[in-house]
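A.B. asks: First the structure, which I've put down as structure tokens, then a few questions once you've had a look.
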């Protein structure tokens, strides 16, 4: 089993040995480290408040109870949203004027996983420096619990997913009346997590006919919860059977959005952001940001609207920071993550659904026709297993030097941009591998570029 500690939080598999898995002891230790760090950030403040919420994982109640009571034991007030989504917790933190937030979810990982994802007072993920300080506290047991008269107060608050929907529908670029008039029929696959509550509720408010598939929030994932083509055969078939206009797929914590066209084909996770950006840029010209491993199609669409595109290092916190630096009007990640600053700085499938349906209604075309209107690129995702003693940094440096006549970006591994394709090499933060992402104008070309790159790495490493 596994326990992975990073600047964005801690995640692991339930059960097993302490320090090797996400056990109750590890959960309490990490929650205490976060709580003590928050207290240190506000030395003169009498009351510290943290918002928590969880997805529908089987372990969710246990992990949530451990986290909540640990914080209360440190004298911190807890606002518990119960079953929720990652973007809902992000929205709730500033609305509640809280000092931070913890989302209890392992995102797209299988059901045996869970995690604590940490937020600041803005409802945004912590940066690297902040995360490192919390990890250090957890390792050193550097925290103190409150005495009996200074314990925190626990409050369970209901209805925040409805408040989140209200926030989305109030966005200037979400045209509720137009969506209602389009009379869309949509199939929703929420992988039996909290998206099964909030996405149908959002669609009902938009006047959309919703067919539910795997929308019971019981944590029993009916397929691999990562919203990739190979996991979505059931919804693809049901969209066609129901004569639906499209299918909507979200991951367990509802921050990634994938779409299925009316003919059962995938719209493409990479193209969720492309389509939403196309609409936003048509109404509010400006800049965009995605990470280095995302499709070039976003750059093409941005330049079509006379905007400027920039690529960040992989990781939501990096995307958000570059969006702020460049005043981007929309951004996100190619995994279906939409970040729309007019709403908040976090990946949000509710925002994505509302923007996409408005766009589709305005264009008055089918989902497939809209997808075909965008530049078509194909990606290949591969990895090389690392062996002891292999100097990955030296390999990446050599690759950059060999392609110095191309456009090379080294902010996160090495990305080499050729005229019609690119390759991105980076060392994984969670596995002993080098990730190799390529994109080209056909699947065969993307695969060939990956193969050639892997051969070159093998030559450099003497493998």
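Please treat every number below as a calculation from the coordinates, not as lab data. Since we're looking at a predicted model, the values are computed, not measured. Glycine also receives a Cβ, built like all others from the backbone with ideal geometry; neighbour counts cover every protein chain displayed.
A.B. asks: Full-extension gain between residue 403 and residue 157, please, as 0.36 nm times their residue separation minus the C-alpha to C-alpha distance.
C.D. replies: Values: separation 246, 0.36 × 246 = 88.56 nm, distance 5.51 nm.
Value of the extension gain: 83.0 nm.
A.B. asks: Taking 0.36 nm per intervening residue step and subtracting the Cα-Cα distance, what contour gain separates residue 17 from residue 369 on full extension?
C.D. replies: Here the answer is 121.5 nm.
A.B. asks: What FRET efficiency comes out for the pair residue 265/residue 394, r = Cβ-Cβ distance, R0 = 51 Å, nearest 0.05?
C.D. replies: On the way: r = 43 Å, r/R0 = 0.83.
About 0.75, to the nearest 0.05.
A.B. asks: For residue 127 and residue 241, what does the FRET efficiency come to when R0 = 51 Å and r is the distance between their Cβ atoms, rounded to the nearest 0.05?
C.D. replies: Values: r = 46 Å, r/R0 = 0.91.
E(calc), rounded to 0.05, equals 0.65.
A.B. asks: If packing is taken as the mean number of other Cβ atoms within 10 Å per residue, what is the order of 147-158, 320-331, highest first?
C.D. replies: The most tightly packed comes first, giving 320-331, 147-158.
A.B. asks: Classify the stretch 50-96 from the C-alpha gyration tensor, please: rounded if a/c falls under 1.5, else prolate or oblate depending on whether a/b exceeds b/c.
C.D. replies: Oblate, because a/c is 1.5 or more while a/b does not exceed b/c.
A.B. asks: Follow-up. Among rounded, prolate and oblate, which fits the stretch 413-463 when a ≥ b ≥ c are the square roots of the eigenvalues of its C-alpha gyration tensor, a/c under 1.5 means rounded, and a/b larger than b/c means prolate?
C.D. replies: Prolate.
A.B. asks: Something else now. Can you pull the three principal axis extents for the Cα set of the stretch 91-243, in Å, largest first?
C.D. replies: Principal extents (largest minus smallest coordinate, Cα): 60, 35, 30 Å.
A.B. asks: Further, regarding this structure: Looking at the square roots a ≥ b ≥ c of the eigenvalues of the Cα gyration tensor of the stretch 164-372, which shape do they give, rounded for a/c under 1.5, prolate if a/b is larger than b/c, or oblate?
C.D. replies: Prolate.
A.B. asks: Next question, about the same structure. Can you figure out the FRET efficiency of residue 460 with residue 6, using R₀ = 25 Å and their beta-carbon distance, to the nearest 0.05?
C.D. replies: In this case the efficiency is close to 0.35.
A.B. asks: When the Debye formula is applied to the Cα atoms of the stretch 347-463, each taken as the same point scatterer, what base-10 log of I(q)/I(0) results at q = 0.10 Å⁻¹?
C.D. replies: Cα-only, vacuum Debye calculation for the stretch 347-463: -0.43.
A.B. asks: Further, regarding this structure: Based on the alpha carbon coordinates of the stretch 3-158, what radius of gyration and maximum Cα-Cα distance (Dmax) apply, in Å?
C.D. replies: In Å, with Rg to one decimal and Dmax whole: 14.0, 42.
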